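Read through the structure below, which is laid out as structure tokens, and then see the notes.
Bear in mind these aren't lab numbers, they're just calculated from the coordinates by the rules spelled out. Keep in mind that what you see is a predicted model, and the values were worked out from it rather than measured. Cβ sites come from the backbone with ideal geometry, for glycine too, and all protein chains shown count toward neighbours.
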Amino acid sequence: MLAPPPLIYLVPLALGLLLHRRYPFEVPGRTVTTVLGLGCILAAAIVLPALLAFRRAATRPEPWRPATALVTEGPYRFSRNPMYLGFTLLYLGIALLFGSLWPLLFLPLVLWVMHFGVIVREEAYLERRFGDAYREYRRRVNRWL
């Protein structure tokens, strides 16, 4: 893994907000972006039931630790990556609340790094670790939604 996923989101978000402070680059439609930002932040709460699903399965959510169980319950019935989806929504919500385009410009890079630096590697690990059970899960459930 390239870096802990929260850090992959946090660094570009912070950099974008710092750039915005120095060189404002506003998202148009402030009222709309505020409402959308709050909605994204509320939707990011998907991380909480995802963490609870890991707890119920008696395994750790940190991707750098060995998996002891394949988590397929809770939000994992609809998304193979609800925590990363939640991090993405939180990132987007914060950028919109601040009305800043800088972090939004960095978001495609964040998602590229997450895909190739984290998710693809995690999927390969889970397939080696859980074999057919993971392949069946991957066939049934989309990566994001």
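At a glance:
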{"quantity": "Residues located in segment 109-145, provided they are under 16 Å from Pro6 (Cα atoms) and in contact (Cβ under 8 Å) with a residue 40 or more places away in the chain", "calculated": "Leu109, Val110, Val113, Met114, Gly117, Val118, Glu122"}
{"quantity": "Search result, residues across segment 52-108 that are basic (Lys, Arg), without any contact (Cβ under 8 Å) to a residue 40 or more places away in the chain and in a helix (DSSP H, G or I)", "calculated": "Arg55, Arg56"}
{"quantity": "Residue within segment 83-99 that is in contact with a strand residue (DSSP E or B) (Cβ under 7 Å, 6 or more places away or on another chain) and surrounded by 13 or more Cβ atoms within 10 Å (Cβ to Cβ) present", "calculated": "yes"}
{"quantity": "Residue that is farthest from the chain's Cα centre (by Cα), among those in segment 22-38 that are surrounded by 14 or more Cβ atoms within 10 Å (Cβ to Cβ) and not aliphatic (A, V, I, L, M)", "calculated": "Phe25"}
{"quantity": "Residue among Arg143, Arg129 that alone is surrounded by 12 or more Cβ atoms within 10 Å (Cβ to Cβ), within 14 Å of Asn81 (Cα to Cα) and among the charged types (D, E, K, R)", "calculated": "Arg143"}
{"quantity": "Qualifying residue in segment 51-66 (condition: aromatic (Phe, Trp, Tyr) and either surrounded by fewer than 19 Cβ atoms within 10 Å (Cβ to Cβ) or over 24 Å from Trp112 (Cα atoms) (or both))", "calculated": "yes"}
{"quantity": "Pro28, sole failed condition from (1) closer than 22 Å to Arg128 by Cα; (2) outside any helix (DSSP H, G or I)", "calculated": "(1)"}
